[in-house]
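Comments concern the structure below.
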Amino acid sequence: MLKHEDEVLINREDIEAHVLNYFTSIFFAQTDYVANNLPERHIPHLVTTDDNNMLTSLPSPDEIKTDVFDLNGDSAPRPDGNPGHFYHQFWHIIGNDVVKSTQHFFLHNYIMPNLNSRLIILIPKVPGADKMDNFRPIALANF
């Protein structure tokens, strides 16, 4: 149950829509801006061209596998429910798809929608919280 003005929301879809609208209204801002060169003039270049080339180069299948296996298998699962142990245990089945997906990002500068999503958990600020301003959001980064 969640309250919104004089209305009590009990339907899951209504609650989800209200939470989404609440955070969208807080964090979305339509702004007009003019492109300028302030960053180039005032922020020092900390990454060399060679380092940048290395960071943006296509990772090899072995590098991707090593990185996946270096991640904590007990970390928060993805929104689809698959924890790190899933990727470790079934690499022989899914590894090729993980490699293709990762390399696709580097080749096309495109990441599939929701691939890098987070689970948002609402922590009550006060006992009996029933309105959105009574909750503090935290994002759980997933495997």
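Give Ile111, Ile138 a once-over and let me know the one that is of a type in the set (A, V, I, L, M, F, W, C) and either touching a Lys or Arg at 6+ places or on another chain (Cβ under 8 Å) or part of a strand (DSSP E or B) (or both).
Among Ile111, Ile138, only Ile138 is of a type in the set (A, V, I, L, M, F, W, C) and either touching a Lys or Arg at 6+ places or on another chain (Cβ under 8 Å) or part of a strand (DSSP E or B) (or both).
Tell me the residue from Thr66, Thr102, Thr49 that is polar (S, T, N, Q) and surrounded by fewer than 10 Cβ atoms within 10 Å (Cβ to Cβ), please. Give the steps one after another, and end with the answer.
Numbers: Thr66 fails: surrounded by fewer than 10 Cβ atoms within 10 Å (Cβ to Cβ); Thr102 fails: surrounded by fewer than 10 Cβ atoms within 10 Å (Cβ to Cβ).
None of the other options fit; the residue is Thr49.
What is the number of the single condition among (1) touching a residue at least 60 places away in the same chain (Cβ under 8 Å); (2) within 22 Å of Asn109 (Cα to Cα); (3) of a type in the set (A, V, I, L, M, F, W, C) that Ile64 does not meet?
Single failed check for Ile64: (1).
Quick one: what pairs do we get from the stretch 112-128, first residue touching a residue at least 12 places away in the same chain (Cβ under 8 Å), second of a type in the set (S, T, N, Q) and in a loop (DSSP other than H, G, I, E, B), C-beta under 8 Å, 6+ apart or different chains?
Correct list of pairs: Ser117/Asn142; Arg118/Asn142; Leu119/Asn142.
Select, from Ile43, Ile111, Ile93, the only residue that is farther than 30 Å from Glu5 by Cβ, out of contact with any His (no Cβ under 6 Å at 6 or more places or on another chain), surrounded by 12 or more Cβ atoms within 10 Å (Cβ to Cβ) and not polar (S, T, N, Q). Give the derivation first.
Working: Ile43 fails: surrounded by 12 or more Cβ atoms within 10 Å (Cβ to Cβ); Ile93 fails: surrounded by 12 or more Cβ atoms within 10 Å (Cβ to Cβ).
Residue meeting the stated conditions: Ile111.
Here are some residues: Thr66, Thr56. Which one is modelled with pLDDT of 95 or more and over 17 Å from the mean Cα position of the chain (by Cα)?
One residue alone meets the criteria, Thr66.
Please return the ranges of helices (runs of 4 or more DSSP H) entirely within the stretch 1-75 where 3 or more residues are among the acidic types (Asp, Glu) and over 30 Å from Lys131 (Cβ atoms).
Numbers: elements: 12-27, 38-42, 49-56, 61-70.
Once the helices (runs of 4 or more DSSP H) in the stretch 1-75 are filtered for at least 3 residues that are among the acidic types (Asp, Glu) and over 30 Å from Lys131 (Cβ atoms), what remains is 61-70.
Out of all the residues in the stretch 69-79, is one or more surrounded by 12 or more Cβ atoms within 10 Å (Cβ to Cβ), within 30 Å of Ile10 (Cβ to Cβ) and in contact with a helix residue (DSSP H, G or I) (Cβ under 6 Å, 6 or more places away or on another chain)?
Within the stretch 69-79 (the criterion being surrounded by 12 or more Cβ atoms within 10 Å (Cβ to Cβ), within 30 Å of Ile10 (Cβ to Cβ) and in contact with a helix residue (DSSP H, G or I) (Cβ under 6 Å, 6 or more places away or on another chain)), the answer is no, since none of the residues qualifies.
Consider only pairs whose beta carbons are under 8 Å apart and that are at least six residues apart or on different chains; among these, list those whose first residue lies in the stretch 48-60 and is within 16 Å of Thr102 (Cβ to Cβ) and whose second residue is among the hydrophobic types (A, V, I, L, M, F, W, C).
Hits for this filter: Leu55/Val47; Thr56/Phe106; Ser57/Phe106; Leu58/Phe106; Leu58/Leu107; Pro59/Phe106.
Please tell me if Asp14 is of a type in the set (D, E, K, R), in contact with a Leu (Cβ under 9 Å, 6 or more places away or on another chain) and without any contact (Cβ under 8 Å) to a residue 24 or more places away in the chain.
Taking the combined requirement at face value, the residue satisfies it.
Contact list please: Cβ distance under 7 Å, first residue in the stretch 87-98 and free of Cβ contacts under 8 Å to residues at least 12 places away in the same chain and among the acidic types (Asp, Glu), second residue assigned to a helix (DSSP H, G or I) and surrounded by 15 or more Cβ atoms within 10 Å (Cβ to Cβ), pairs at least six apart or on different chains.
Taking only residues 6 or more apart or on different chains, not a single pair turns up.
The values are calculated or read from the model by the stated rules, or taken from the named source; none is laboratory data. Keep in mind the model is a prediction, meaning the values are calculated, not measured. Glycine gets a Cβ as well: all are built from the backbone with ideal geometry, and neighbour counts include every protein chain shown.
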